[in-house]
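Visitor: Please find one structure pasted underneath; my questions will follow.
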Amino acid sequence: MGEDMSARTPDGQLWRSDTLRCLIVLFSSPVQHREAENVLEKAASLSVKGHTVTIFLLGDGVYSASMPLSLPGASDVVAGFAGLAGVNITGCSTCAAMRGVSTVIKNARMGGLEDLVEEIETADAVFNYTAEE
Amino acid sequence: MRVTVLLTRPPLSTAHITEAVRVSFMTAALNHEVDFVLIDDGVFILLEQREGGFGRETLKRMDGADSIRVRVHEGSFRRLVPEAPLPAGYALIKSDELSSMMISSKVLVF
């Protein structure tokens, strides 16, 4: 017996009529680990599918919003974050201050942990990219 | 809201505990419930015996927050630090209980 294909989109993806609020927590540096690149791809993919996506940058994750790192010749991953449309990017201001990240890409803002808690509260799904040291 | 914070890393070699604790305190301060779970290498914090040590002092501060409960994953504890003293008030939690907790809460992993 074949499965009911009406539950899938024409390209074979599972169909969801509803959209989710997705929170992605990124904890590692974009110039040292692959997690930031994975976050970039996941965020773009979720956003294209119509989901609401927020990326919260914590710890070394704040480097992904660093304006200097987004410039040509610096980090392609951070440049990717700077070009990420339709995704909310918020960084931990304390983490940024401790790391000297003072200028951030235009589509990001700095916030506090209370913003993270608020995002957790409203998120339907939380993705943790916090494993790498 | 209930939030489960999993600490998977040892206390002295990474910043994971710092951020896990900061987030837990903020979550509790905003009137949410936090289950702070030591799991995998996170249980190594229990080996820190020295008074005034970073990990030990961090956990002590968490003791003062009513809406934060510290739990220790039993499998990790038995496997990695079976001789470590379990501080009073720190309940062991089995994998099936932890699974139920994670399903019914928002989960952060550090």
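Visitor: What are the residue pairs meeting all of these: first residue in the stretch A:117-130, first residue more than 7 Å from chain B (Cβ to nearest Cβ) and basic (Lys, Arg), second residue open to solvent by 40 Å² or more (accessible area, probe 1.4 Å) and not in a helix (DSSP H, G or I), Cβ atoms under 8 Å, and 6 or more apart or on different chains?
Guide: That search, which allows pairs on different chains as well, returns nothing.
Condition check ((1) out of contact with any Pro (no Cβ under 6 Å at 6 or more places or on another chain); (2) within 14 Å of another protein chain (Cβ to nearest Cβ); (3) within 30 Å of residue A:26 (Cβ to Cβ); (4) part of a strand (DSSP E or B)) across all residues:
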site	(1), (2), (3), (4)
B:26	yes, yes, yes, no
B:45	no, no, yes, no
B:58	yes, no, yes, no
B:61	yes, no, yes, no
B:75	yes, no, yes, no
B:89	yes, no, no, no
B:92	yes, no, no, yes
B:98	yes, no, yes, no
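The values are calculated or read from the model by the stated rules, or taken from the named source; none is laboratory data. For clarity, every value in this text was computed on a predicted model and none was experimentally measured. Positions of Cβ are generated from backbone atoms using ideal geometry, with glycine treated the same way; all protein chains shown enter the neighbour counts. These area figures cover heavy atoms from the full protein model, side chains too; ligands, DNA and RNA do not enter into them. Shrake-Rupley method; radii C 1.70, N 1.55, O 1.52, S 1.80 Å.
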